[in-house]
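Heads up: the structure comes next, in structure tokens.
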Amino acid sequence: MSRKIALITGITGQDGSYLAELLLDKGYEVHGVVRRASSINTSRIDHLYEDPHNGEVSLRLHYGDLGDANSLRRILCDAQPTEIYNLAAQSHVRVSFDMPLETADVGGMGTLRLLEAVREYQETSGQAVRVYQASSSEMFGKVHETPQNEQTPFHPRSPYGVAKVFSYWAIINYRESYDLHASNGILFNHESPRRGETFVTRKITQAVGRIRHGLQDKLYLGNIDAKRDWGFAGDYVKAMWLMLQQDSPDDFVVSTNETHSVREFLELAFGHVGLDYSDYVEIDPRYFRPAEVDLLLGDSSKAREELGWEPQVSFRELVQMMVETDLEQAEREKTLQDAGLAPSMQQRRAA
């Protein structure tokens, strides 16, 4: 049997890095799409370049952009993938209000450009390609029912959510129009130590580590009563892979089926190091969204029954994992600061 080849857009992000690890472990040849930038941002995948099984390089990166249809066509011809995982997006919900056009172009039109490239590639090459689209619980927005499943109507409350709804229906349209094996994974919030530092969960755990080591004294947040269904990103990429192993494409909610507030996350994170979050957290109206999503709770019964998928990491374990990682990072920062190799809190404020 020939080796499977996967192409991942957004490979340098949290999900992309965990997915690349999973696929390489399964013997895939993995290709990733990265945007050309003045600074290199491959830290999450730098450890993956050498295949541990035979010493060969099984990971290759291609410069491209979901805004550039020509680059997508070129990459498809070069990589010749059997599976494509579209994870690229401007994925910060609050930022999408400040950058609605870019969010819509990459998260919405970018998916359409990719689908067109795949359709053309299949027609010219005769190579069947399976496509996974990273959909989001933010599509439910102002929820019409709780919990949310595959039949729950969408009511997005952000440019990010609107873009994801566009991509969701584009996937279904190409599936029905061109018989494309394309599936949507409606993933609820998933976190990890690799989460970007501007996302609320990582913002909290990083603050815990820095406060514990005297590098920070306050944490400013928005709505801490918002509730989310939080899981571990490493668990969720397994569901992505399982979707593309099915004989027929379909759409699946991926969630833990539990909801917890930002306040609960704070209590666990600060409590893990013996601190009371209320002594350090201040509410800043600048971090509130123009249209808030108060409650998201998924029902992943379909994924559990049809894919055989279940989350392995609990909410408490997830929080502790993230805190422990950021405690180690803060300790390294403190060591550098004490050695005069990093600016102190006072020096940063003066700057």
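When ILE204 is tested against (1) open to solvent by 20 Å² or more (accessible area, probe 1.4 Å); (2) under 15 Å from VAL323 (Cβ atoms), only condition (1) is not met. Residues in region 2-25 that are in contact (Cβ under 8 Å) with a residue 60 or more places away in the chain, within 20 Å of GLN127 (Cβ to Cβ) and open to solvent by 20 Å² or more (accessible area, probe 1.4 Å): 2 in all. Which residue is nearest to GLY196 (Cα to Cα), if the candidates are limited to region 55-98 and must be aromatic (Phe, Trp, Tyr) and either open to solvent by less than 50 Å² (accessible area, probe 1.4 Å) or part of a strand (DSSP E or B) (or both)? Applying the filter and picking the extreme gives TYR85. Does region 135-152 include one or more residues that are within 15 Å of TYR85 (Cα to Cα) and modelled with pLDDT of 95 or more? Checking region 135-152: at least one residue is within 15 Å of TYR85 (Cα to Cα) and modelled with pLDDT of 95 or more.
This table checks each residue for (1) at pLDDT 95 or above; (2) over 23 Å from SER135 (Cα atoms); (3) polar (S, T, N, Q).
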{"position": "VAL273", "(1), (2), (3)": "yes, yes, no"}
{"position": "LEU295", "(1), (2), (3)": "no, no, no"}
{"position": "LYS302", "(1), (2), (3)": "yes, no, no"}
{"position": "LEU307", "(1), (2), (3)": "yes, no, no"}
{"position": "SER314", "(1), (2), (3)": "yes, no, yes"}
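Note on region 299-316: residues that are touching a Phe, Trp or Tyr at 6+ places or on another chain (Cβ under 9 Å) and either of a type in the set (A, V, I, L, M) or under 30 Å from VAL273 (Cβ atoms) (or both) amount to 7.
Restricting attention to region 214-243, the residues that are of a type in the set (A, V, I, L, M, F, W, C), part of a loop (DSSP other than H, G, I, E, B) and surrounded by fewer than 21 Cβ atoms within 10 Å (Cβ to Cβ) total 3. Of all the listed residues (PHE265, PHE270), the sole one being within 21 Å of the chain's Cα centre (by Cα) and in contact (Cβ under 8 Å) with a residue 12 or more places away in the chain is PHE265.
Among residues that are part of a helix (DSSP H, G or I) and open to solvent by less than 40 Å² (accessible area, probe 1.4 Å), LEU101 is not included.
Pairing each residue of region 173-196 that is under 23 Å from GLU324 (Cβ atoms) with any residue that is open to solvent by 20 Å² or more (accessible area, probe 1.4 Å) and part of a loop (DSSP other than H, G, I, E, B), provided the two are 6+ apart or on different chains, yields C-beta distances under 6 Å for ARG194/ARG44.
The values are calculated or read from the model by the stated rules, or taken from the named source; none is laboratory data. Since the model is a prediction, treat every value here as computed from it, not as a measurement. Every residue, glycine as well, gets a Cβ built from its backbone with ideal geometry; the counts of neighbours run over all protein chains shown. In case anyone asks, the SASA skips ligands and DNA or RNA and just uses the protein heavy atoms, side chains included. Shrake-Rupley method; radii C 1.70, N 1.55, O 1.52, S 1.80 Å.
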